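Peer 1: Right, I'll just put the structure down here and ask away after.
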Amino acid sequence: MYAKTHSASVLGIGAFGVEIEITVETGLPSFQIVGLPDNAVRESKERVTAALHQAGYGWEPRRITVNLAPADIRKEGSAFDLPIAIGIIHAMGMISARDLDETCLLGELAFDGSIRPTQGVLPMVMMKGAKQRFVVPARNADEASIKQDVDVVGVRTLQEAIDHLTGLTVIASAVCDVDAVFAQATLHHRVDMSDVKGQQGVKRALEVAAAGGHNLIMVGPPGAGKTMLAKRLATILPPLTLDEALETTTIHSVAGLLPPGQPMVTQRPFRAPHHTISNAALVGGGVGVVRAGEITLAHHGVLFLDEVPEFQRNVLEVLRQPLEERRIRLSRTRMSVEFPANFMLVSSMNPCPCGNFGSQRRECRCTSNDVQRYVSKISGPLLDRIDIHVDVPAVDVEQLAQAPPGETSEDVRRRVIDARKRQAARFVVSEGVFKNADMSAKDIERFCVMSDRARSVLTAAMQRLHLSARAFDRICKVSRTIADLDASTDISVEHIAEAIQYRNLDRPFWNA
């Protein structure tokens, strides 16, 4: 006896269809699953057997063989439980299911026959060549129905799925109004930029970084407010576009990070890993199954590295290629997987091991070699890829007590959104470019038009500070963003001068 059902599996942040072939024969009792299954798939035979017996579908000992095709790609996860169970009882003639060739089945079975949610449902529904009909766990139904041109049915138990597939009951299709969900999304931040007293120069740098999507590093003594400012950066970022939200939701769906009851990610991610993080956890990887790392989870959002010199040197160096390419390709013996990684890198550090170098109030006991050794934990090539370097001075207690509240995050965010709109209108003709930080060399030449005086100022700064060609491009991008905030078509001397001052770590001061 033979039956075939359809399901899907995740590869990277994409998915591919899986045909599940089941044969039930007389012979020595066994239950075999072939087709490169991982441990979770192998163990499905125990869950399937228990759930079917609990639902009243018992059978005499038989030889059951399940093949997952294509057989040369590793299958992972527990989403194959439901299609295997349906296929077994269909092959045994216990049910006569309808339209199995046009239906994709997903779901993990519990021993009592209930269906648990599974990860990666959204990419499975959106994969190329997907079926027009999906039966998924009820808790995944809203997520799966984000795709409008498929019929999604959510089921809570194995018996519900069987009754629906055999026509005994009709379950209404799940409907998700993506535009309504996206439009109703509101920012829920417990912090605000007005909480920060003083630090006007740093606030301005954060506004420029948010407006252009630029990488940023803050340097200052302990307690100056670096972490406080970084956490408030999320409150001034522009909202996700619908395409960005769908891509971000896909990543978080595969990682199992979608909050219950929330079918879409509607706010930009903010990831802040600990300094003990490993290479694989940061950029992605793993043994057998390649999973996304923090830089992919921060896609379209912010990756915050607090006290960046405390991170291992080899961990920081793996950021070089993703910061340039905006994606990461991980190659393994059996596969090569590409993950998106278009994120803002925001980091902070002390100026020296004791944190008091350059302070007017506390004595620094570090030698010049100590300072240089500490700063050099961040390599020159990595610093070149950070657009904005800004000093965060300590704030006096009197200033904290007397300073009036500053601008709210909403006020700053409004200017950031206006600047992003100007960039979106400008980059209509440039494929794959959505903000100033994404510009290529040709885009810089085309869109960063500046006066002769501004160019001469930039040339003089390049020679005096011994900046690299990459730093030249970064200054042009930042100056373009500053001009956008001023609603200026061309880049003026003032814009170039402000962009140059955001290269603090390139100054001879740090080499003295």
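Peer 1: In the range 415-434, which residue that is in contact with a Phe, Trp or Tyr (Cβ under 8 Å, 6 or more places away or on another chain) and of a type outside the set (S, T, N, Q) is surrounded by the fewest Cβ atoms within 10 Å (Cβ to Cβ)?
Peer 2: Selected residue: Ala424.
Peer 1: Hey, another quick one. Taking the condition at pLDDT 90 or above and among the basic types (Lys, Arg), does Arg291 pass?
Peer 2: Here the answer is no, as Arg291 does not meet what is asked.
Peer 1: Out of Thr235, Thr248, which single residue is in contact (Cβ under 8 Å) with a residue 24 or more places away in the chain, assigned to a loop (DSSP other than H, G, I, E, B) and in contact with a His (Cβ under 6 Å, 6 or more places away or on another chain)?
Peer 2: So the residue among Thr235, Thr248 that is in contact (Cβ under 8 Å) with a residue 24 or more places away in the chain, assigned to a loop (DSSP other than H, G, I, E, B) and in contact with a His (Cβ under 6 Å, 6 or more places away or on another chain) is Thr235.
Peer 1: Go through the range 335-442 and tell me which helices (runs of 4 or more DSSP H), entirely inside it, have 1 or more residues that are basic (Lys, Arg). Give the derivation first.
Peer 2: Working: elements: 368-375, 380-384, 397-402, 409-426.
Output list reads 368-375, 409-426.
Peer 1: Could you tell me whether the range 400-421 includes any residue that is free of Cβ contacts under 8 Å to residues at least 60 places away in the same chain and either small (Gly, Ala, Ser) or closer than 18 Å to Pro351 by Cβ (or both)?
Peer 2: yes
Peer 1: Among what's in the range 260-299 and is of a type in the set (D, E, K, R) and closer than 22 Å to Leu237 by Cβ, pick the residue that is surrounded by the most Cβ atoms within 10 Å (Cβ to Cβ).
Peer 2: The qualifying residue surrounded by the most Cβ atoms within 10 Å (Cβ to Cβ) is Arg268.
Peer 1: Then there's this: Which numbered condition in (1) polar (S, T, N, Q); (2) more than 19 Å from Ser44 (Cα to Cα); (3) open to solvent by 10 Å² or more (accessible area, probe 1.4 Å) is the only one that Ser145 fails?
Peer 2: Ser145 satisfies every listed condition except (3).
Peer 1: In the range 419-438, what count of residues is obtained for those that are modelled with pLDDT of 90 or more and of a type in the set (A, V, I, L, M)?
Peer 2: 4
Peer 1: Based on this model, can you work out whether Arg47 counts as assigned to a helix (DSSP H, G or I) and either open to solvent by 10 Å² or more (accessible area, probe 1.4 Å) or under 22 Å from Phe16 (Cβ atoms) (or both)?
Peer 2: For Arg47, the condition - assigned to a helix (DSSP H, G or I) and either open to solvent by 10 Å² or more (accessible area, probe 1.4 Å) or under 22 Å from Phe16 (Cβ atoms) (or both) - is met.
Peer 1: Enumerate the pairs (first residue in the range 340-369 and closer than 24 Å to Arg385 by Cα and at pLDDT below 85; second residue anywhere and hydrophobic (A, V, I, L, M, F, W, C) and surrounded by fewer than 21 Cβ atoms within 10 Å (Cβ to Cβ)) with beta-carbon separation below 8 Å, excluding pairs fewer than 6 apart on the same chain, so at least 6 apart or on different chains.
Peer 2: Nothing qualifies.
Peer 1: Could you identify the single residue in Gly120, Gly167 that is exposed (fewer than 13 other Cβ atoms within 10 Å of the Cβ), farther than 30 Å from Ile236 by Cβ and touching a residue at least 24 places away in the same chain (Cβ under 8 Å)?
Peer 2: Gly167
Peer 1: Determine whether Thr227 is surrounded by fewer than 20 Cβ atoms within 10 Å (Cβ to Cβ), over 17 Å from the mean Cα position of the chain (by Cα), part of a loop (DSSP other than H, G, I, E, B) and not hydrophobic (A, V, I, L, M, F, W, C).
Peer 2: Criteria not met by Thr227.
Peer 1: Could you tell me whether Val153 is open to solvent by less than 50 Å² (accessible area, probe 1.4 Å) and not in a helix (DSSP H, G or I)? Walk me through it before giving the result.
Peer 2: On the way: open to solvent by less than 50 Å² (accessible area, probe 1.4 Å): yes; not in a helix (DSSP H, G or I): yes.
Judged against the criteria, Val153 is a match.
Peer 1: Can you pull out every residue in the range 300-317 that is touching a Lys or Arg at 6+ places or on another chain (Cβ under 9 Å) and assigned to a helix (DSSP H, G or I)?
Peer 2: Result: Val308, Pro309, Glu310, Arg313, Leu316.
Peer 1: One residue is enough: does the range 70-83 have a residue meeting the conditions over 30 Å from the mean Cα position of the chain (by Cα), of a type in the set (Lys, Arg) and open to solvent by 40 Å² or more (accessible area, probe 1.4 Å)?
Peer 2: Scanning the range 70-83 turns up no residue that is over 30 Å from the mean Cα position of the chain (by Cα), of a type in the set (Lys, Arg) and open to solvent by 40 Å² or more (accessible area, probe 1.4 Å).
Peer 1: Looking only at the range 435-444, how many residues end up being surrounded by fewer than 20 Cβ atoms within 10 Å (Cβ to Cβ) and either farther than 23 Å from Asn215 by Cβ or among the polar types (S, T, N, Q) (or both)?
Peer 2: 1
Peer 1: Every residue in the range 445-477 that is open to solvent by less than 60 Å² (accessible area, probe 1.4 Å) and outside any helix (DSSP H, G or I), please.
Peer 2: Cys448, Met450, Ser451, Leu467, Ser468
Peer 1: Where residues in the range 318-334 are modelled with pLDDT of 90 or more and open to solvent by less than 40 Å² (accessible area, probe 1.4 Å), which of them is farthest from Arg74 (Cα to Cα)?
Peer 2: Leu323
Peer 1: For the range 1-39, give me each residue that is free of Cβ contacts under 8 Å to residues at least 40 places away in the same chain, part of a loop (DSSP other than H, G, I, E, B) and over 31 Å from the mean Cα position of the chain (by Cα).
Peer 2: Thr26, Gly27, Leu28, Pro29
Peer 1: So Leu257 clears everything in (1) assigned to a loop (DSSP other than H, G, I, E, B); (2) crowded, with 18+ Cβ neighbours inside 10 Å; (3) in contact (Cβ under 8 Å) with a residue 40 or more places away in the chain except one condition, right? Which one?
Peer 2: Failed condition: (2).
The values are calculated or read from the model by the stated rules, or taken from the named source; none is laboratory data. Predicted model, so just to flag it, every value in this text is computed and none were measured. Heads up, the Cβs are rebuilt from the backbone with ideal geometry, glycines too, and the neighbour counts pull from every protein chain shown. Calculation scope for accessible area: heavy atoms of the full protein, side chains included, ligands and nucleic acids excluded. Shrake-Rupley method; radii C 1.70, N 1.55, O 1.52, S 1.80 Å.
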